[in-house]
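**Q** Right, I'll just put the structure down here and ask away after.
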Amino acid sequence: DVKVDTSVRKKHVRFEAALEQLDDEKSYVLLARVSRGDDTVREFRSETFSSSDLDHGRFAFAATWLPERLWDIHTPDNTYEVTLSLQRATGNSTAIGHQQRQGQALDTAHPQRIGFREFWIDGRDFYLNGSRIFISAVPLDNAQVGAAWASYEGARESLRRLKSFGVNFVYTHNYG
């Protein structure tokens, strides 16, 4: 289980992973590889940690980063894949600092697609990646209309039709 949180305002990315069955006597690092297609965009490495550093079976680390390509309503293809690998930490601690070499991956999570973006509300205004946006919302009732409209093709057709006359936000009624 991997979670990636991004913040445009803070120029920040945070990686979190659920970890099990770590050896109490060993030290580890997490390596986050961010890629677009076959190209590695950035790599981030956590500090060394041990099983006692886990919080409810999870470990997280953060880094400063703001990629050139942000995801927004006009650039939905500006996405990245994040692959998180657990590695055994190697090296020796010294009085000056901790020397660390890259270790071999012990486990690697499935790649997770992310978009680097941030949405927030300031008073009555909506912002996406620092730009004020205007939202025109309607309910999307495809699931209540019929099976054909609840399919991928039916939902896609409905969304294209709504987009053609300016609707850029939908909500469903599938909540309690």
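The values are calculated or read from the model by the stated rules, or taken from the named source; none is laboratory data. None of these values were measured; they are calculated from a predicted model. Here the Cβ is made from the backbone with ideal geometry for all residues, glycine too, and neighbour counts use every protein chain on show. Quick note on the areas: whole protein, heavy atoms, side chains included, nothing else; ligands and nucleic acids left out. Shrake-Rupley method; radii C 1.70, N 1.55, O 1.52, S 1.80 Å.
**Q** At 1.4 Å probe size, with the rest of the protein present, what percent of the exposed accessible area of the chain is carbon and sulfur atoms?
**A** Answer for the chain: carbon and sulfur cover 47 percent of the accessible area.
**Q** Shifting gears a bit: Under 14 Å from the 7 Å Cα→Cβ point of THR90, by amide nitrogen: which residues of the stretch 28-65?
**A** Inside the label zone: 28-29.
**Q** Would you mind telling me the antiparallel percentage of the DSSP bridges in the chain, rounded to 5?
**A** Of the beta bridges lying entirely in the chain, close to 95 percent run antiparallel.
**Q** Take ARG14 and HIS110, extend 7 Å from each Cα along the Cα→Cβ direction, and tell me the distance between the two endpoints in nm.
**A** 2.5 nm
**Q** Work out, step by step, the length gained on full extension between ALA137 and ASP1: first 0.36 nm times the residue separation, then minus their alpha carbon distance; give nm to one decimal.
**A** 45.7 nm
**Q** So how much slack lies between ARG69 and TRP149, counting 0.36 nm per residue of separation and subtracting their Cα-Cα distance, in nm?
**A** Working it through step by step, the gained length comes to 25.4 nm.
**Q** Which part of the stretch 124-138 falls in the paramagnetic zone of PHE169, meaning amide N under 11 Å from the point 7 Å along Cα-to-beta-carbon?
**A** 124-128, 133-138
**Q** For Cα Rg over 2.2 N^0.38 Å, the choices are (i) 1.34; (ii) 1.48; (iii) 1.00; which was calculated from the structure?
**A** This structure yields the entry labelled (i).
**Q** Can I ask one more? Find out how many positive minus negative residues lie around ARG33, taking Lys and Arg as positive, Asp and Glu as negative, among other residues whose Cβ is under 9 Å from that of ARG33.
**A** -1
**Q** Continuing with the same structure: Kindly provide the helix-only [θ] at 222 nm of the chain, computed as the sum of -39,500 (n - 2.57) over DSSP H runs of four or more divided by all residues, to the nearest 500 deg cm²/dmol?
**A** It lands at -3000 deg cm²/dmol.
**Q** Could you compute how much accessible surface TRP149 exposes when probed at 1.4 Å, giving the result in Å² to the nearest 10?
**A** 110 Å²
**Q** So how tilted is helix 152-164 from the main axis of the chain? Cα-based, degrees 0 to 90, rounded to 10.
**A** With rounding to tens, the tilt is 70 degrees.
**Q** How much accessible area per residue does the stretch 26-157 have, counting only protein heavy atoms and a probe of 1.4 Å, in square angstrom?
**A** 66 Å²
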